[in-house]
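Every read-out reported here was derived from the displayed coordinates using simple, explicitly stated rules and does not represent laboratory data. None of the values given here were measured: they were computed from a predicted structure. FYI the Cβ positions are ideal-geometry reconstructions off the backbone, even for glycines, and counts take in every protein chain you see.
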Amino acid sequence: MKDVLKMILYGAPRILGILFIGLLSRFAFGVLAQHPSWGVFVNLLAQLRWSIFLAIVLGFAWRWELVGTIGFGIYAVWYLSVVRGFDTGVFLTMAGLPALTAVLFFIGFTFKKDILE
């Protein structure tokens, strides 16, 4: 396998995961526009629960790609099954990006020996 393709297969799911977690966290920080209080802090933690979950998954997936496949796949399936009433673009962004990340982690898991050579 070519060196550039190896680097892309190794780095793409990790970079995409970091960018998606950042996007998801950005939406959660909208709660801080309210007046600061303990209620806002608790609400912020509730909004960040998926970002925290995916950050932990990404930390483990950095070494074990199958964890990233399962974790990001769980988020994509959860989002499609629970969230309703948005445009197609929102679903493609909020469920499509983690699904793509899960697929890229699975490809990295499948070709791990070729990538690390």
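Of the listed peptides 78-84, 62-68, 108-114, what is their order by residue-averaged count of other C-beta atoms within 10 Å, with the highest listed first?
Peptide ranking by packing, descending: 62-68, 108-114, 78-84.
Build a GNM of the chain with springs between Cα atoms under 10 Å: which of T93, T101, T69 gets the top mean-square fluctuation?
Of the options given, T93 has the highest mean-square fluctuation.
Would you mind calculating the gained length between F29 and I15 on full extension (0.36 nm times residue separation, minus the Cα-Cα distance), in nm to one decimal?
Here the answer is 2.9 nm.
Full-extension gain between I8 and L45, please, as 0.36 nm times their residue separation minus the C-alpha to C-alpha distance.
Full-extension gain reported as 10.0 nm.
For the chain, set up a Gaussian network in which alpha carbons nearer than 10 Å are linked by springs, and say which option among S37, S25, S51 fluctuates the most.
S37
Is the shape of segment 33-93 best called rounded, prolate or oblate, per the rule: a/c under 1.5 gives rounded, else a/b larger than b/c gives prolate, else oblate, with a ≥ b ≥ c the square roots of the Cα gyration tensor eigenvalues?
oblate
Full-extension gain between S81 and T110, please, as 0.36 nm times their residue separation minus the C-alpha to C-alpha distance.
The S81-T110 span can extend by a further 7.7 nm.
Can you sort W38, W50 so the residue with the fewest Cβ neighbours within 10 Å comes first?
Starting with the residue having the fewest Cβ neighbours, the order is W38, W50.
What net charge is computed for the residues neighbouring F109, neighbours being all others with C-beta under 15 Å from the C-beta of F109, Lys and Arg scored +1, Asp and Glu -1?
Local net charge: +3.
How far is helix 38-47 tilted off the main Cα axis of the chain, in degrees rounded to 10, range 0 to 90?
In the chain, helix 38-47 runs at an angle near 30 degrees to the longest axis.
On C-alpha positions alone, give me the angle between the axis of helix 3-28 and the longest principal axis of the chain, in degrees, nearest 10.
The helix 3-28 is inclined about 10 degrees to the chain.
Of F20, F60, F41, which is the most mobile in a GNM of the chain whose springs link Cα atoms less than 10 angstrom apart?
Fluctuation is largest for F41.
Using only Cα atoms, find the angle between the long axis of helix 49-61 and the longest principal axis of the chain, and express it within 0 to 90 degrees, rounded to the nearest 10.
Taking Cα atoms only, the helix is inclined about 20 degrees.
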